[in-house]
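Beneath this line is the structure, given in structure tokens, with notes to follow.
The values are calculated or read from the model by the stated rules, or taken from the named source; none is laboratory data. This one's a predicted model, so the numbers in the text were calculated from it and none came from an experiment. Neighbour counts run over all protein chains shown; Cβ positions are idealised from the backbone, glycine included.
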Amino acid sequence: MSLRDMHVRKPDPRIYQAALQQMGVRPHQVLFVGHKATELEGARALGIKTVAFNRDTDAEGDIQIDRFAQLLGLLTGQSRIPGIEE
């Protein structure tokens, strides 16, 4: 799936919905990593937990990280993510 195939842009909810459907998961089971306020807000509007990484000054995620190693810790379970079901 590509954004070009869908003819929409983030933060259009259809992008996030299509990704969820393609992966066969529900919003509470995934994490969206982004750096722009609009894309983080678009994911959050569907109930997806967000991580702001290398973010713009106006971007806020449910979790803010400054180093890639912090993301790895979240993904490997070394750090707990509030609201994410295993």
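The figures follow:
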quantity	calculated
Subset of the range 9-60 (residues that are in contact (Cβ under 8 Å) with a residue 12 or more places away in the chain, part of a helix (DSSP H, G or I) and more than 13 Å from the chain's Cα centre (by Cα))	ALA18, GLN22
The range 54-70, residues that are closer than 17 Å to GLU41 by Cβ and among the acidic types (Asp, Glu)	ASP56, ASP58, GLU60, ASP62
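Here's the yes/no breakdown for (1) modelled with pLDDT under 90; (2) surrounded by fewer than 19 Cβ atoms within 10 Å (Cβ to Cβ); (3) more than 25 Å from GLY73 (Cβ to Cβ); (4) in contact with a Gly (Cβ under 7 Å, 6 or more places away or on another chain):
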| site | (1), (2), (3), (4) |
| --- | --- |
| LEU3 | yes, yes, yes, no |
| HIS7 | yes, yes, yes, no |
| ALA19 | yes, yes, no, no |
| PRO27 | no, yes, no, yes |
| HIS35 | no, yes, no, no |
| GLU41 | no, yes, no, no |
| ILE48 | no, no, no, no |
| ALA52 | no, no, no, yes |
